[in-house]
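The values are calculated or read from the model by the stated rules, or taken from the named source; none is laboratory data. Being a predicted model, the structure only gives us computed values, none of them experimental. Every residue, glycine as well, gets a Cβ built from its backbone with ideal geometry; the counts of neighbours run over all protein chains shown.
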Amino acid sequence: MINSDYEPVIGLEIHAELQTQSKMFCGCSATYAASPEPNTFICPVCTAQPGALPVVNRQAVNQGMLVGLALNCTINPHNVFARKNYFYPDLPKGYQISQYDLPLATHGELEIVTGGKSRRVRVWRVHLEEDTAKLTHQGATVQVDFNRAGVPLLEIVSEPDMHSVEEVLKYGNQIRSILRYLGVNSGDMEKGVLRFEANISVRRYGSNELNTRTEIKNLNSFRTLGRASVYEIQRQIAVLQGGGHIEQETLGWDEIRGVTTSQRSKEHAHDYRYFPEPDLPPLEIDTVWVEQIRRKLPELPAVKRDRFIQVLGLAPADASVLISEKALADYFEATVAAAKSPTHTVANWIVGDLLHLLNDRGLSVENLNLPPSHLAELVDLATDKIITQSTAKELLPELVDTGQNPRALVDKRGLNKITDERVLAEIVDQVIARNPDPVASYLNGKETVFTWLMGQVARATRGKADPLVSSRLLSEALRGMKKPENSC
Amino acid sequence: MPTDSQSPRFDIDLVKHIAFLVRLGISEEEAQVFGQQFETIIEYFNLLNEADLAGIDPAGQARHACNILREDEVQPSLSRDAFLANVPEHDGVYVKVPVVTGVE
Amino acid sequence: MELCDLTIHEAHDLLRARQISSTELTRSVLERIHHLDPQLRAYITLAEEQALEQAAQADVRVQTGRDITPLTGIPFSAKDSIITQGMRTTCGSRILENYIPPYQATAIQRLIAAGAVLVGKNNMDEFGMGSSCENSAFFPTRNPWDIERVPGGSSGGSATAVATSMALFALGGDTGGSIRMPASFCGIVGLKPTYGRVSRYGLVALASSFDTIGPMARDVQDTALVLSVIAGVDPRDSTTLQAPVPAYANKLKEDVRGLRLGIPKEYFVEGMESGVASAIQDAIRVYQSLGVEIREVSLPNARFGLPVYYLILFAEASANLARFDGVRFGRSDRTETGDLVDQYLRTRQNGFGAEVKRRIMLGAFTLSEGYYDAYYLKAQKGRALIRRDFEMAFTQVDALITPVCPTTAFKLGEKVDDPLAMYLSDVYVVSVNPAGVPALALPCGFANGLPVGMQLIGNFLGEDLLFQLGYAYQQNMQWHRQRPGLL
């Protein structure tokens, strides 16, 4: 697809809002997405009134550390906040409190697998900062809403270790999944809680140098990340092949025209004039604190997937589906624990019927009105052949709607499978008696009629006939009717 | 004096560049006057180059505290009206500013 | 002698004894203001009605006899860089000419809770940038001892107000001498506390790592009383100290015999007016007579104090003043282009005075690419040296004694056109803020009819010793009781 003389060299910067109750440096609520009223989650600090001062949110630091540890970073024992100075209406203080020289965590890595090939992407740094206010354009004016100003933001920066758009998307997805697993970010791209910036350059295959790169900002979905990256790589290759050179610049992505656009501004390159934040003492993070946080790390997606495959014996495809959301994986394991049925049976149920229902109804496993114990019971009823598989599948939506437990519903409806051989033998006999021609047809060698006859048995029992038993009884009955073999 | 102590010439271009960094409109005359004053001031402050700073850690923050943190609890907000009362331009809900007509 | 001429502790005794009321006291202060302020211009905003309401409340409180503090019913004023809820706060600048804060500074909150009566806001050099009060965008304040002279800055309005009993005490702000200089020029007492001793929440920031709020009053005892109320950790200010607040008022009166006072030899070189030099020498002799041991010490890096101070100040101030952009408060000057950047440029060009512009530009310069190491970083290293000098000195002595300023109050207009000359007048006071240590300024004589102030510098959290030394001096010398002729 892309020119094979050149290799893309890509790094990804991810900004993730942290799910704390209050903002990074003040006690205003950080749950601005839930508040429709602009400029109501505000205070002197986040509106930068003269004389106001920041105070660090402990939980934001803890969540940041959790992410750092999940990405195998070293947590810096001495870290410092810094002022990043520039003017923009969404930045009330005229500087953003961020981290520069001494960030929260450094030197981590994430392993990604694309097309069977594994790649270690190094995470250069993870640092804490604050989000900006929200701007909406209205013709010649801009409206500013400070509800979002000061919300904690974690910046995760990778080294330029990715060499295909597929890898970038995989990396982005995995980070998103990890953040959701840790409970620090909802991953809801549409709400803008997770944002990407791609740093892209190209080089000749086999070369180790790093060429001039461009930075594409404000990529707020995987789709735009993918499209913009593809475009920019091709653009750069075309420029180089034409003998030109790449300018180091910041670009935007025009989704409508499908191109990257230069964002050359009135001023020269930003001179952020970073200096250590005098209003905030340093964070001295000792090993005790680090270990406290490390103990809170849940089993991460990659590890869980491996365990599901190797220990629980699931197929890789199923494992991948089940670990895609921590809540789903937890639900699965809870159901397995409550059920007597084999693990892969439960897996099939969830990957198949349950997910189908969730998708249909736009539900997630967290707001599903079907506790794992109920699903386990349903699956076991089918496994124990008390009801048929098809009956069980039919019951699923009703169980979700009513919240009843399966056994109660089955009993109430009298849906238990008929396994009683005398009952079934009678029905088999009746079916045979009522359908002489098909039977004759079968006896003359038309084997497919057997299925039709089975259908008649099922109809006669309203689906409750146990298929294995009735099949055996029908075979026996029919065999008994065969013409005696010619002796010879 | 060591070369890194050479203060720059505060010519009009440098002064205007610095003024823009802090979003301060200035006239050519002001740039001229400020430039001269800056040269005098910075020249005097180059005295700092006589200090023996080898091996010294910068004393940026008063190191008498660390880990001053706040629990993650929501505190009452400022009312929107109280906030907007000082805002030069607003519509009762949003703060309003003009667009940037230059790029970015 | 009017009611307003009482000190805090004198007024408190009379209030407690129900011999005077806060309403009477406050009225007396307001009359003094009406009488003198048109000439002296110590106030930018006066809140008469509110003050009388607070005084009435204080009177009720005194009558019930419960919860009376040494400051209950005492009228005070605050430098206009201290945020007062519902009361205009301008920082002496046109860019905040009509700003009415929606919240209260912690220090003000504590004083109001103690029952003190806020009378109004004092004039100052714009955003604290100045040493004479001539950089106010509105008008200069005059020195009550000679109205052709400056009161000092940047808390010039506060100093003049206290010196003339237009308030029984004032809150000032000291970033590089801004309480001590005007206290010295106006013949009153002013304390720059240890950095972090008093909350900066609600102090409009100039240099965040130097700024302090401190008390200004007629004597050391009063100063200690005010500090007792405003000091202490504040969860809203991460740089406040956890250390408990000592009972300053009790410790004041302890004997100073055996304490050691150091004279930094680098501070006593040429350039000092002879009247200032001799007043300091007299003060040293007084301490000797009180049994205080006098020693010479060295602060070898003293001469780097000015560049260290100013280079860091420029940088921090430049960032702190970025929020004045006409978007959320303050002056906003639209332009014909209707462009946001032009609005920033025009608003700040019109809203800031020359000294503010100079400093924020120089600040951007010292932080900018290519210059950060040579200026800002170098200054922070120099700061470590200054701090170390003080630490070393305090292993040998308990406090240092120096002049506050090489001269007495200079004339209006004398230095205003020469920024560097203005900076150089700060030479004795500026090293203190980068080191974070406390310093007390108190009157120690007169030269040519103008007050001379001495500066006692203490170790970190050493305010209690400074008060002791200051109190002992004032039991023996009465300079602080002299009042300006125009009273």
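Numbers for the structure displayed
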item	result
Residue in segment A:84-105 that is nearest to B:VAL95 (Cα to Cα), counting only those that are facing another protein chain (nearest Cβ under 10 Å) and aromatic (Phe, Trp, Tyr)	A:TYR88
Tally of residues being β-branched (Val, Ile, Thr) and either assigned to a loop (DSSP other than H, G, I, E, B) or within 13 Å of another protein chain (Cβ to nearest Cβ) (or both) across segment C:151-197	5
Some residue of segment C:2-11 being without any contact (Cβ under 8 Å) to a residue 12 or more places away in the chain and in a helix (DSSP H, G or I)	yes
The listed residue being touching a helix residue (DSSP H, G or I) at 6+ places or on another chain (Cβ under 8 Å) and touching a residue at least 24 places away in the same chain (Cβ under 8 Å), out of C:LYS253, C:LYS265	C:LYS253
Complete set of residues in segment A:1-18 that are part of a loop (DSSP other than H, G, I, E, B) and surrounded by 20 or more Cβ atoms within 10 Å (Cβ to Cβ)	A:LEU18
Verdict on A:ALA16 being at pLDDT below 95 and of a type in the set (A, V, I, L, M)	no
Pair list, Cβ under 7 Å, 6 or more apart: segment C:42-62 residue under 28 Å from C:ASP125 (Cβ atoms) and crowded, with 22+ Cβ neighbours inside 10 Å, other residue basic (Lys, Arg) and modelled with pLDDT of 95 or more	C:TYR43/C:LYS121; C:ILE44/C:LYS121
Odd one out for C:LEU345, checked against (1) within 17 Å of A:LYS93 (Cα to Cα); (2) part of a helix (DSSP H, G or I); (3) under 27 Å from the mean Cα position of the chain (by Cα)	(3)
Check on C:SER155, touching a helix residue (DSSP H, G or I) at 6+ places or on another chain (Cβ under 6 Å) and at negative phi	yes
Pairs where the first residue, in segment B:71-88, is within 7 Å of chain A (Cβ to nearest Cβ) and in a helix (DSSP H, G or I) and the second is basic (Lys, Arg) and buried (at least 18 other Cβ atoms within 10 Å of the Cβ), C-beta under 6 Å, 6+ apart	none
Failed item in (1) modelled with pLDDT under 95; (2) farther than 24 Å from C:ASN459 by Cβ, with C:ALA302 passing the rest	(2)
First in segment A:271-283 and more than 7 Å from every other protein chain (Cβ to nearest Cβ) and touching a residue at least 24 places away in the same chain (Cβ under 8 Å), second anywhere and hydrophobic (A, V, I, L, M, F, W, C) and crowded, with 19+ Cβ neighbours inside 10 Å, Cβ under 7 Å, 6 or more apart	A:TYR274/A:ALA82; A:GLU277/A:PHE81; A:GLU277/A:ALA82; A:GLU277/A:ILE97
Subset of segment A:316-360 [among the charged types (D, E, K, R), farther than 22 Å from A:GLY183 by Cα, touching a helix residue (DSSP H, G or I) at 6+ places or on another chain (Cβ under 8 Å) and in a helix (DSSP H, G or I)]	A:ASP318, A:ASP353
Single residue of segment B:35-45 satisfying the filter (surrounded by 15 or more Cβ atoms within 10 Å (Cβ to Cβ) and more than 8 Å from every other protein chain (Cβ to nearest Cβ)) that is farthest from B:LYS16 (Cα to Cα)	B:GLU39
Filtered residue count, segment A:29-83, keeping only those that are hydroxyl-bearing (Ser, Thr, Tyr), touching a strand residue (DSSP E or B) at 6+ places or on another chain (Cβ under 7 Å) and either crowded, with 21+ Cβ neighbours inside 10 Å or at the interface with another protein chain (Cβ under 8 Å from one of its Cβ atoms) (or both)	1
Residues located in segment C:87-102, provided they are surrounded by fewer than 21 Cβ atoms within 10 Å (Cβ to Cβ) and either within 20 Å of C:GLU49 (Cα to Cα) or of a type in the set (Asp, Glu) (or both)	C:MET87, C:ARG88, C:GLU97, C:ASN98, C:ILE100
Unique match (being out of contact with any strand residue (DSSP E or B) (no Cβ under 7 Å at 6 or more places or on another chain), facing another protein chain (nearest Cβ under 7 Å), buried (at least 16 other Cβ atoms within 10 Å of the Cβ) and at pLDDT 95 or above) among B:LEU24, B:LEU53	B:LEU24
Residues satisfying the stated conditions in segment A:322-340, i.e. without any contact (Cβ under 8 Å) to a residue 60 or more places away in the chain and surrounded by fewer than 20 Cβ atoms within 10 Å (Cβ to Cβ)	A:ALA327, A:ASP330, A:GLU333, A:ALA334, A:ALA337, A:ALA338, A:LYS340
Residue in segment C:349-379 that is nearest to the chain's Cα centre (by Cα), counting only those that are part of a loop (DSSP other than H, G, I, E, B), at the interface with chain B (Cβ under 9 Å from one of its Cβ atoms) and under 28 Å from C:ASP333 (Cβ atoms)	C:PHE352
Matching residues in segment C:302-348 - criterion: being among the polar types (S, T, N, Q), at the interface with another protein chain (Cβ under 7 Å from one of its Cβ atoms) and touching a residue at least 24 places away in the same chain (Cβ under 8 Å)	C:SER318
Test for C:LEU400: is it more than 27 Å from C:PRO140 (Cβ to Cβ), in a loop (DSSP other than H, G, I, E, B) and modelled with pLDDT of 95 or more	no
Hey, A:GLU166 part of a strand (DSSP E or B) and touching a residue at least 40 places away in the same chain (Cβ under 8 Å) or not	no
Candidate set from segment A:200-219 (those that are surrounded by fewer than 18 Cβ atoms within 10 Å (Cβ to Cβ) and polar (S, T, N, Q)); member that is nearest to the chain's Cα centre (by Cα)	A:ASN218
Flag if A:PHE275 is at pLDDT 90 or above, within 23 Å of the chain's Cα centre (by Cα) and among the aromatic types (Phe, Trp, Tyr)	no
Hey, C:ASP80 in contact (Cβ under 8 Å) with a residue 40 or more places away in the chain and under 12 Å from C:MET166 (Cα atoms) or not	no
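One line per residue, one yes/no per condition, for (1) within 14 Å of chain B (Cβ to nearest Cβ); (2) acidic (Asp, Glu):
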site	(1), (2)
C:ASP398	no, yes
C:ILE401	no, no
C:VAL416	yes, no
C:ASP426	yes, yes
C:VAL437	yes, no
C:VAL452	no, no
C:LEU456	no, no
C:ASN459	yes, no
C:GLN475	no, no
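Every residue, every condition in (1) modelled with pLDDT of 95 or more; (2) touching a Ser or Thr at 6+ places or on another chain (Cβ under 9 Å); (3) of a type in the set (Gly, Ala, Ser); (4) not in a loop (DSSP other than H, G, I, E, B), yes or no:
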| residue | (1), (2), (3), (4) |
| --- | --- |
| A:ARG83 | yes, yes, no, yes |
| A:PRO92 | yes, yes, no, no |
| A:ASP101 | no, no, no, no |
| A:GLU111 | no, yes, no, yes |
| A:SER118 | no, no, yes, yes |
| A:VAL126 | yes, yes, no, yes |
